[in-house]
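Undergrad: Supplied in structure tokens, the structure appears directly below.
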Amino acid sequence: MYLADRTWEELGDYFERESLALVPLGSTEQHGPHLPEATDHLIAEALAREAAERTGYLCTPTVNVGVSSHHRQFHGTMWVDPPAFRDYVASFTRNLAYHGIDRVVYVNAHGGNVQHLREVGQRLHESGDAYCLEWMWDESIPDLVSDLFAYNGPHAGPKETAMIMHLRPDLVREDRLEAARDGGWVDFTYDAACVNGARTFYDCIENADNGAFGDQTDATAEKGRRLFEAATEQLIELCQWLAAREPDELLPREHV
């Protein structure tokens, strides 16, 4: 069920019988020379709406702009400051709680949002407003990602390329896949970009002049379909697990 398509009466019926919502969040930021800046929020929304369609749970509108200042050197990247992002997410989650939602899955497709969504979840748990989980799609299927791609890259790599090939092939600049690979850092790892255990970089452009990592030429729409189906199944199982919890299980524990 997609919230924005429903009337308030129809939504009232949902809130009477269910207490879970999926909130898709992504970014609007550069994804190399081959993918649209909408990449992350397109993936997040597609996964959340598919899971909602299959389960009947509520899916809210998508948060399209996230914490992305580390991509700011590339044209068109949009971002909000982390405190503003955290306060915004916490505020609309309390809005959902007002209507009776006490458990939320943040369906996330942007790495820059991860730590902030987890902090929001911690804040709302401590206050007893809601129980919220940050879920990052590729982290739910790491073995499949590794099996499909030799160099999957943490950003604008073949896994995201394959997903957009599956979801929105019209937005993939397939004639730029080799340029994305050759102008980026193919075998990037965070360890390789650290010195004596310290992460010495802050912005994407410090590691890839074109903003891309991994081997994008390894992506196909069929691989994207497999990723999408596997991640959707993981998300559905998470929702079912969360919905089955008793309310007392989700509240903060009492002081010892």
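The values are calculated or read from the model by the stated rules, or taken from the named source; none is laboratory data. Quick caveat, the model's predicted, so the values are computed rather than measured. Cβ: placed from backbone, ideal geometry, glycine included. Neighbour counts: every protein chain shown. These area figures cover heavy atoms from the full protein model, side chains too; ligands, DNA and RNA do not enter into them. Shrake-Rupley method; radii C 1.70, N 1.55, O 1.52, S 1.80 Å.
Undergrad: Using the heavy atoms of the protein chains and a 1.4 angstrom probe, tell me the accessible area per residue for the stretch 64-110 in square angstrom.
TA: For the stretch 64-110, the solvent-accessible area averages 47 Å² per residue.
Undergrad: Also: How large, in percent, is the carbon and sulfur part of the accessible surface of the stretch 42-82 at a probe radius of 1.4 Å?
TA: Exposed carbon and sulfur together represent 50 percent of the surface.
Undergrad: Considering only Tyr98, Gly183, Leu251, whose Cα is most displaced toward the positive end of the charge dipole of the chain, charges sitting on Cβ of Lys, Arg (+1) and Asp, Glu (-1)?
TA: Tyr98
Undergrad: Another one. Whole-Hz Karplus ³J(HN,Hα) for the stretch 58-67, in order, using 6.51 cos²θ - 1.76 cosθ + 1.60 and θ = phi - 60°, x for Gly and Pro?
TA: For the stretch 58-67, the Karplus-derived couplings read 7, 10, 8, x, 8, 8, 8, 10, x, 8 Hz, x marking Gly and Pro.
Undergrad: Under 1.5 on a/c is rounded, so check that first for the chain, then, if it is not, pick prolate when a/b is larger than b/c and oblate when it is not; a ≥ b ≥ c are the square roots of the alpha carbon gyration tensor eigenvalues.
TA: Prolate is the answer for the chain, as a/c is 1.5 or above and a/b outweighs b/c.
Undergrad: Still on this structure: How many percent of the accessible area of the stretch 128-256 is carbon or sulfur, using a 1.4 Å probe?
TA: 46
Undergrad: Whole number in Å², please: accessible area per residue of the stretch 185-256, 1.4 Å probe, ligands, DNA and RNA not counted.
TA: That works out to 62 Å² per residue.
Undergrad: Any idea of the accessible area per residue across the stretch 130-170, 1.4 Å probe, to the nearest Å²?
TA: 39
Undergrad: Work out the length of the dipole vector of the stretch 153-256 about its Cα centre, built from +1 on the beta-carbon of each Lys and Arg and -1 on the beta-carbon of each Asp and Glu, and round it to the nearest 20 debye.
TA: 80
Undergrad: Could you point to the residue in Phe228, His155, Tyr57 farthest towards the positive end of the chain's charge dipole, with +1 and -1 charges on the Cβ of Lys/Arg and Asp/Glu respectively?
TA: The residue sitting most towards the positive pole is His155.
Undergrad: Still on this structure, I have one more. Of the beta bridges DSSP finds with both residues in the chain, what % are antiparallel, to the nearest 5?
TA: Given both bridge residues lie in the chain, the antiparallel proportion sits at roughly 20 percent.
Undergrad: I've got another one for you. Order of 116-129, 50-63 by packing, highest average Cβ count within 10 Å first?
TA: 50-63, 116-129
Undergrad: State to the nearest 20 debye the size of the charge dipole of the stretch 42-110 about its Cα centre, where the only charges are +1 on K and R beta carbons and -1 on D and E beta carbons.
TA: About 60 debye.
Undergrad: Suppose every K and R has +1 on its Cβ and every D and E has -1 on its Cβ; what is the size of the dipole of the chain about the Cα centre, in Debye to the nearest 20?
TA: Charge dipole, the chain, about its Cα centre: 280 debye, nearest 20.
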